[in-house]
Amino acid sequence: MSALNFLKITDRKDERLSFVKALYQSAFPVQERREWPVLLSMIGTGAEMRVELVTDQEQPVAFVIWWEISDWLFIEHLAVSSAERGKNYGSRIMHHYLDAAKGKMLLEVEAPLSEEAERRISFYERLGLHLLDYVYEQPSYRDRGVVYPMRLMSTCKDLLDRPVFDQLVEQIKAKVYFI
């Protein structure tokens, strides 16, 4: 099995962003993503957001957008190219970020209301993440005051009591959603 490369994209004019854009727009519904020019404007600004292209033998296979939230690693978006799904890339990529998170990872998932959402949650659970019991609403990227029912998953189910959860959600809203 070849080693994956995780390439930070820091220049808004990086030609590899064409792969990221196409996958970003096809993998996520409009309410779960920023407008492309807004995302581009955030690249290379020194913010805690990172955009990383994942390659295998120099071929792009996925991308990840993640944030530093206090001492947590928050994955905002992770998508594997449809041509590469089913080849264990998702697990390999997640193991990389789980190692980097040092036991403190958060990510958003759709509420388990569909078979696809349940499959996605099961995937993350097999990797050691836990679906948190608290209500979580994802703020809209586009419309202030609009929220979407989502859930948070974490590597630290027992360590996240309500005050810690609330504090992390406030930080996510401030940094990621600018609320």
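Things to note:
- Cβ-Cβ distances below 7 Å connect the following pairs, each with a first residue in region 82-110 that is farther than 20 Å from Pro29 by Cβ, a second residue that is of a type in the set (S, T, N, Q) and in a loop (DSSP other than H, G, I, E, B), and a separation of six or more residues or different chains: Leu98/Thr155; Ala101/Thr155; Gly103/Thr155; Lys104/Thr155; Met105/Thr155.
- Hits in region 18-27 (condition: closer than 18 Å to Tyr141 by Cβ and either crowded, with 16+ Cβ neighbours inside 10 Å or among the polar types (S, T, N, Q) (or both)): Val20, Leu23, Tyr24, Gln25, Ser26, Ala27
- Considering region 158-172, and only residues there that are within 14 Å of Asp71 (Cα to Cα) and assigned to a loop (DSSP other than H, G, I, E, B), the residue that is modelled with the lowest pLDDT turns out to be Leu159.
- Being over 13 Å from the mean Cα position of the chain (by Cα), among the hydrophobic types (A, V, I, L, M, F, W, C) and over 29 Å from Leu132 (Cβ atoms) holds for only one residue in Leu40, Leu113, and it is Leu40.
- Filter result for the condition that a residue is modelled with pLDDT under 95 and buried (at least 18 other Cβ atoms within 10 Å of the Cβ), over Glu116, Glu110: Glu110
- In region 94-142, the residues that are hydrophobic (A, V, I, L, M, F, W, C), assigned to a helix (DSSP H, G or I) and over 20 Å from Asp71 (Cα atoms): Ala117, Ile121, Phe123
The values are calculated or read from the model by the stated rules, or taken from the named source; none is laboratory data. Quick caveat: nothing in here was measured; it's all calculated off a predicted structure. Cβ sites come from the backbone with ideal geometry, for glycine too, and all protein chains shown count toward neighbours.
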